[in-house]
Structure formats: C-alpha cells, structure tokens
Amino acid sequence: MPRPHRRRPTRPHEDSLDRLIAGWKRTEVRGGVEWYVQPLTAAQAHKEYRCPGCSGMIPAGTAHLVVWRADGVLGDAADLAARRHWHSSCWGRN
C-alpha cells in the first residue's frame, strides 16, 4: 500500500526588516545622526551595488557594509528601505 503524501510544514517567510535587524550590527553616530552599520561577508554579498561614498561599484562577492538610519524618523521600514551599501573604506572616510 502506498504511503500517504504528507506536506512538510512551511517555515514562516521572514521579511528583510526582520533579517537585517536580527543580524549582527553596530550603531555609529555620524554628523549628529545615528546609523546602523551591518557588515556583509563576501559569501553574503549576492548582488552588485553602487557605493554612495565613491560612486564606484561593489561587485557581488565583495565584503562591504550596509548602512541605514537608526533614528526611526520615518519608521523602521522606511529607514530600512533607504539603506545603502558602502565599501568599508568609504564608510570609514565618511
């Protein structure tokens, strides 16, 4: 007799806000504004981004930083949507 088909329970789909907030990050103050700074390893960097510090490209597979405001003026979701990917050296010079 064949076994009945059982579906595996699905895991809840996390949205990007939960994933970024749950990840390792630090807080920095620049120009009187508080920022969340989260490093991404080369293995986590799947896409190409343009660095706002130098306007150069950050190729996929390159370790870099993701930076967004921590003050929540427009709300966490809006601040996260406005996050930017920086070369680590560019953020350090900023």
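Just so you know, all these numbers are worked out from the coordinates, no wet-lab data involved. Here the structure is a predicted model, which is why all the values come from computation and not from measurement. Positions of Cβ are generated from backbone atoms using ideal geometry, with glycine treated the same way; all protein chains shown enter the neighbour counts.
At-a-glance table
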{"read-out": "Neighbourhood net charge (15 Å Cβ-Cβ; Lys/Arg +1, Asp/Glu -1) for Thr27", "value": "0"}
{"read-out": "Under 5 Å, built H, 5+ apart or other chain: amide partners of Leu40", "value": "His64, Leu65, Val66"}
{"read-out": "Relative contact order (percent, whole number), region 24-93, Cα cutoff 8 Å, 6+ residue spacing", "value": "29"}
{"read-out": "Local electrostatic count, Trp91, Cβ distance below 10 Å [Lys/Arg +1, Asp/Glu -1]", "value": "+2"}
{"read-out": "Per DSSP, loop trypsin sites (Lys or Arg not before Pro) in region 44-94 with at most 11 further Cβ within 10 Å", "value": "Lys47"}
{"read-out": "Cβ-defined net charge surrounding Ala63, 14 Å radius [Lys, Arg +1; Asp, Glu -1]", "value": "0"}
